[in-house]
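Asker: Structure in structure tokens, see below.
The values are calculated or read from the model by the stated rules, or taken from the named source; none is laboratory data. Note that the structure is predicted; figures quoted are calculated from it, not measured. So basically every Cβ, Gly included, is an ideal-geometry build from the backbone, and we count neighbours across all protein chains shown.
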Amino acid sequence: MQAKTFLKGAFAAAAFTVIGATGAAAQQQFISIGTGGVTGVYYPTGGAICRLVNKDRKEHGIRCSVESTGGSVYNINTIRAGELEFGVAQSDWQFHAYNGSGRDSFIDAGPFENLRAVFSVHPEPISLVTRKDANIKTIADLEGKRVNIGNPGSGTEATWNVVWGAMGKSNDDLALASQLKSSETPGALCDNKIDAFFWAVGNPAALNTEAATTCDVTFAAVTGPAIDKLVADNSFYSKTTIPGGMYAGNPDDIPTFGVGATFVTSADVPEEVVYVVAKAVMSNLEDFKKLHPAFAHLKAETMITNGLSAPLHDGAARAYKELGLM
């Protein structure tokens, strides 16, 4: 990771040199965005944000870089530790981190009251990708199967534990609870090393496409009474579908549920920094939407409200008011 101006746990505004009234270029400063695996959608999301920020870095002095990480939970914990300025995280784990709930590490650490939302990004339906000969039609059919549940520290792993637990199951009910990196899952599925992989991802997703074009796969339904209750009890979940025809061999809509990808930071990150980042994206939203197919249907009005269970950072609010969005 590149050297930073900010010290761990000390994002003092004094450490950040802002542009003056004359618009003269500031001393260059570094910010980092925690994302996910390079083959998922979080990594290009971070890249798209940095691309827009860096376009005008001579004016504001901020240089943005992207880090491939373990995903949502890792990003939130690392922001809390002061080692990242920003991160992409599932909406459910944003909620649980802010409230100190949902998983042992968040409960033990207590509420992350300085967690701040910047905006939401793309929806993330749960994809349950199975090899056709494994005869898995719904999530309930996973009992006794070999399933990749998400790499350690990812939002996918955490969501899997919530969903499978809500169904009254534990990982002991699987023949194998694999935790491969997401990039390894299509090969493992098609080589008959696992029977299915579960993850939350924006669509179209490169790994889903890879699996569907390498071997015969079926996208199983993620439905049932336990799923109905989860969605009813938690505002950060919603029922959705993966459109039929998006992936080879799956012509019909696949019913599932999902979360949203959100962009988060800490109250300790200076207002001016968050203002620059938020404005760079929202004032160039049409350009942002062209940077990945998962962004195609984004709307500014919903990006600043949907899935944001932590307070909006003051810098983001300032940008949105200036742009007439609030």
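Asker: Could you pull out the residue among Thr130, Thr45 that is touching a strand residue (DSSP E or B) at 6+ places or on another chain (Cβ under 8 Å), under 25 Å from Met282 (Cβ atoms) and in contact (Cβ under 8 Å) with a residue 60 or more places away in the chain?
Answerer: Of Thr130, Thr45, the one residue that is touching a strand residue (DSSP E or B) at 6+ places or on another chain (Cβ under 8 Å), under 25 Å from Met282 (Cβ atoms) and in contact (Cβ under 8 Å) with a residue 60 or more places away in the chain is Thr45.
Asker: Could you look through the range 156-213, keep only residues that are among the β-branched types (Val, Ile, Thr), within 23 Å of Tyr43 (Cα to Cα) and modelled with pLDDT of 95 or more, and pick out the one that is surrounded by the fewest Cβ atoms within 10 Å (Cβ to Cβ)? Full working, then the answer.
Answerer: Keep residues of the range 156-213 that are among the β-branched types (Val, Ile, Thr), which gives 156, 159, 162-163, 185, 194, 201, 209, 213.
This time we only want the ones that are within 23 Å of Tyr43 (Cα to Cα), so: 156, 159, 185, 201, 209, 213.
With modelled with pLDDT of 95 or more added as a condition, the list becomes 185, 209, 213.
Values: Thr185: 27, Thr209: 15, Thr213: 13.
Only one residue tops the list, namely Thr213.
Asker: Now for a different question. Tally the residues that are among the hydroxyl-bearing types (Ser, Thr, Tyr), modelled with pLDDT of 95 or more and touching a strand residue (DSSP E or B) at 6+ places or on another chain (Cβ under 8 Å), restricting the search to the range 263-310. Steps first, answer last, please.
Answerer: To start, the set of residues in the range 263-310 that are among the hydroxyl-bearing types (Ser, Thr, Tyr) comprises 265-266, 275, 283, 302, 305, 309.
Within this subset, residues satisfying the condition of being modelled with pLDDT of 95 or more are 265-266, 275, 283.
If we keep only those that are touching a strand residue (DSSP E or B) at 6+ places or on another chain (Cβ under 8 Å) as well, we get 265-266.
Number satisfying all stated conditions: 2.
Asker: Still on this structure, please answer the following. Looking only at the range 231-249, filter to residues that are in contact with a strand residue (DSSP E or B) (Cβ under 7 Å, 6 or more places away or on another chain) and of a type outside the set (S, T, N, Q); which one of those is nearest to Gly87 (Cα to Cα)? Don't jump to the end; show me each part of the working.
Answerer: Filtering the range 231-249 down to residues in contact with a strand residue (DSSP E or B) (Cβ under 7 Å, 6 or more places away or on another chain) leaves 231, 236-242, 247, 249.
Still in the running and of a type outside the set (S, T, N, Q): 231, 236-237, 239, 242, 247, 249.
Values: Val231: 25, Phe236: 18, Tyr237: 20, Lys239: 25, Ile242: 25, Tyr247: 29, Gly249: 34 Å.
Selected residue: Phe236.
Asker: Okay, next question. May I ask you to verify whether Asp252 is at pLDDT 95 or above, of a type outside the set (Ser, Thr, Tyr), out of contact with any strand residue (DSSP E or B) (no Cβ under 7 Å at 6 or more places or on another chain) and within 29 Å of Thr214 (Cβ to Cβ)?
Answerer: Numbers: at pLDDT 95 or above: yes; of a type outside the set (Ser, Thr, Tyr): yes; out of contact with any strand residue (DSSP E or B) (no Cβ under 7 Å at 6 or more places or on another chain): yes; within 29 Å of Thr214 (Cβ to Cβ): yes.
Taking the combined requirement at face value, the residue satisfies it.
Asker: Turning to a different aspect of this structure: Would you pick out the residues in the range 300-326 that are more than 9 Å from Phe119 (Cβ to Cβ) and hydrophobic (A, V, I, L, M, F, W, C)?
Answerer: Residues satisfying the conditions are Ala310, Ala317, Ala319, Leu323, Leu325, Met326.
Asker: Quick check on the range 106-128. Is at least one of its residues farther than 22 Å from Ser182 by Cα, crowded, with 24+ Cβ neighbours inside 10 Å and among the aromatic types (Phe, Trp, Tyr)?
Answerer: Scanning the range 106-128, I find at least one residue that is farther than 22 Å from Ser182 by Cα, crowded, with 24+ Cβ neighbours inside 10 Å and among the aromatic types (Phe, Trp, Tyr), so the answer is yes.
Asker: Further question on the same structure: Looking at the range 285-305 only, could you name the residues that are surrounded by fewer than 17 Cβ atoms within 10 Å (Cβ to Cβ) and either not in a helix (DSSP H, G or I) or not assigned by TED's automatic domain parsing to the domain that holds Glu85 (or both)?
Answerer: Passing the criteria: Lys290, Leu291, Ala296, His297, Lys299, Thr305.
Asker: Among all residue pairs at least 6 apart or on different chains, which show Cβ distances below 7 Å where the first residue, located in the range 222-238, is modelled with pLDDT of 95 or more and the second is among the hydroxyl-bearing types (Ser, Thr, Tyr)?
Answerer: Pairs that qualify, where the first residue is modelled with pLDDT of 95 or more and the partner is among the hydroxyl-bearing types (Ser, Thr, Tyr), are Val222/Thr256; Thr223/Thr138; Gly224/Thr138.
Asker: Scanning the range 306-326 for residues that are buried (at least 16 other Cβ atoms within 10 Å of the Cβ) and part of a helix (DSSP H, G or I), which turns out farthest from the chain's Cα centre (by Cα)?
Answerer: Selected residue: Arg318.
Asker: Moving on. Just wondering, is there one or more residues in the range 139-149 that are polar (S, T, N, Q) and under 20 Å from Tyr42 (Cα atoms)?
Answerer: Initially, the range 139-149 is screened for residues polar (S, T, N, Q), giving 148.
Imposing the further condition that a residue be under 20 Å from Tyr42 (Cα atoms) reduces the set to 148.
Yes.
Asker: For the range 224-277, which residues satisfy the criterion of being assigned to a loop (DSSP other than H, G, I, E, B), surrounded by fewer than 19 Cβ atoms within 10 Å (Cβ to Cβ) and either on the phi > 0 side of the Ramachandran plot or in contact with a Ser or Thr (Cβ under 6 Å, 6 or more places away or on another chain) (or both)?
Answerer: Gly224, Gly245, Ala248, Gly249, Asp253
Asker: As an exercise: evaluate Lys145 against (1) at pLDDT 95 or above; (2) touching an Asp or Glu at 6+ places or on another chain (Cβ under 6 Å); (3) closer than 25 Å to Asn75 by Cα and give the number of the one condition it does not meet.
Answerer: All conditions are met except number (3).
Asker: Still on this structure, please answer the following. Within the range 51-68, does at least one residue satisfy the condition of being hydroxyl-bearing (Ser, Thr, Tyr) and surrounded by fewer than 23 Cβ atoms within 10 Å (Cβ to Cβ)? Give the derivation first.
Answerer: Filtering the range 51-68 for residues hydroxyl-bearing (Ser, Thr, Tyr) gives 65, 68.
Right, trim to surrounded by fewer than 23 Cβ atoms within 10 Å (Cβ to Cβ) and you get 65, 68.
Within the range 51-68 (the criterion being hydroxyl-bearing (Ser, Thr, Tyr) and surrounded by fewer than 23 Cβ atoms within 10 Å (Cβ to Cβ)), the answer is yes, since at least one residue qualifies.
Asker: Could you list, in sequence order, all residues of the range 131-170 that are in a helix (DSSP H, G or I) and either over 25 Å from Gln94 (Cβ atoms) or among the β-branched types (Val, Ile, Thr) (or both)? Show your work before the answer.
Answerer: Here is the first cut: in the range 131-170, the ones in a helix (DSSP H, G or I) are 132-134, 139-142, 155-166.
Of everything in the range 131-170, those that are in a helix (DSSP H, G or I) and either over 25 Å from Gln94 (Cβ atoms) or among the β-branched types (Val, Ile, Thr) (or both) turn out to be Lys132, Asp133, Ala134, Ile139, Ala140, Asp141, Leu142, Thr156, Thr159, Val162, Val163.
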